[in-house]
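Asker: Please see the structure below; I have some questions.
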Amino acid sequence: MPLYFHINYLLTDFKIFVLLTDQTNKKIYQLPLDYYPAFHVGLPFQNLSHPIALDFDPYEEQIYWTDIGTGSISRAYTNGSLQEIIVQHNTFTPAGLAVDSVGRNIYWTDEGTKEIYVAKLDGSYKKRLFYEELDHPRDIVLDTDNG
């Protein structure tokens, strides 16, 4: 069971938590790290096929995730409200994902097209950043401290 995680801070219910994707059960989980005993919460997202990468915007308190089964990028609040697909057109295998909460952008890799993209957090202004000499780009991380 492949699990991918991201450590986040700033959430109304939990102070420190980890987000996990579970491809086998088609779920996204939240694991609070500031409670004992530890427990996990299955988040109430609908129509997940193969969630892979995820990230969190602490300002809007929304989770963003890629789904290679549907070739899409979605977002929602942790309570499941306002779930929406924000990127799908000409997206094939969105594998890596990073939210720039300061610049209000989202970056992702498309392993199928071997490209890296950026868009606004609502999916608008999609732009291809890199497309030459990339061999299966999988993950992406932003260095927001150094620009």
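Asker: Residue 27's amide H: which non-local residues (gap 5+, or another chain) put their own amide H closer than 5 Å, with H modeled 1.01 Å from N in plane and none for Pro or chain starts?
Answerer: 22
Asker: Report, in debye and to the nearest 20, how large the dipole of the chain comes out about its Cα centre when Lys and Arg carry +1 and Asp and Glu carry -1 on their Cβ.
Answerer: Once rounded to the nearest 20, the dipole reads 320 debye.
Asker: May I pose another question? Build a GNM of the chain with springs between Cα atoms under 10 Å: which of 67, 57, 135 gets the top mean-square fluctuation?
Answerer: 135
Asker: Express in nm, to one decimal, how much length is gained between residue 89 and residue 124 on full extension, taking 0.36 nm for each residue of separation and deducting their alpha carbon distance.
Answerer: Roughly 11.5 nm would be gained on extension.
Asker: Another question, if that's okay. Determine, from the Cβ-Cβ distance of residue 102 and residue 82 and an R0 of 22 Å, the FRET efficiency 1/(1 + (r/R0)^6), rounded to the nearest 0.05. Display every interim value, and only then the final one.
Answerer: Numbers: r = 22 Å, r/R0 = 0.99.
So, using R0 = 22 Å, E works out to roughly 0.50.
Asker: Can you give the Kirkwood hydrodynamic radius of the range 48-147 from its Cα pairs, in Å with one decimal?
Answerer: About 13.3 Å for the range 48-147.
Asker: Karplus couplings for the range 89-97 from phi (6.51 cos²θ - 1.76 cosθ + 1.60, θ = phi - 60°), rounded to Hz, Gly and Pro as x?
Answerer: For the range 89-97, the Karplus-derived couplings read 5, 6, 10, 10, 9, x, 9, x, 8 Hz, x marking Gly and Pro.
Asker: Then there is this: In square angstrom, what is the accessible area per residue of the chain with a 1.4 angstrom probe?
Answerer: Accessible area per residue: 56 Å².
Asker: Right, here's the next one. Within the range 64-99, list the residues whose amide N lies under 17 Å from a label point set 7 Å along Cα→Cβ of residue 41.
Answerer: So the set is 64, 76-83.
Asker: Then there's this: Full-extension gain between residue 33 and residue 60, please, as 0.36 nm times their residue separation minus the C-alpha to C-alpha distance. List each step's numbers first, then the result.
Answerer: On the way: separation 27, 0.36 × 27 = 9.72 nm, distance 2.08 nm.
Here the answer is 7.6 nm.
Asker: Just want to confirm a number: the relative contact order over the chain, from Cα pairs under 8 angstrom separated by 6+ residues, in percent.
Answerer: On the way: 365 pairs, mean separation 19.8, N = 147.
RCO, the chain: 13 percent.
The values are calculated or read from the model by the stated rules, or taken from the named source; none is laboratory data. This is a predicted model, so every value here is computed, not measured. Cβ sites come from the backbone with ideal geometry, for glycine too, and all protein chains shown count toward neighbours. Note: areas computed on protein heavy atoms with side chains; ligands, DNA, RNA excluded. Shrake-Rupley method; radii C 1.70, N 1.55, O 1.52, S 1.80 Å.
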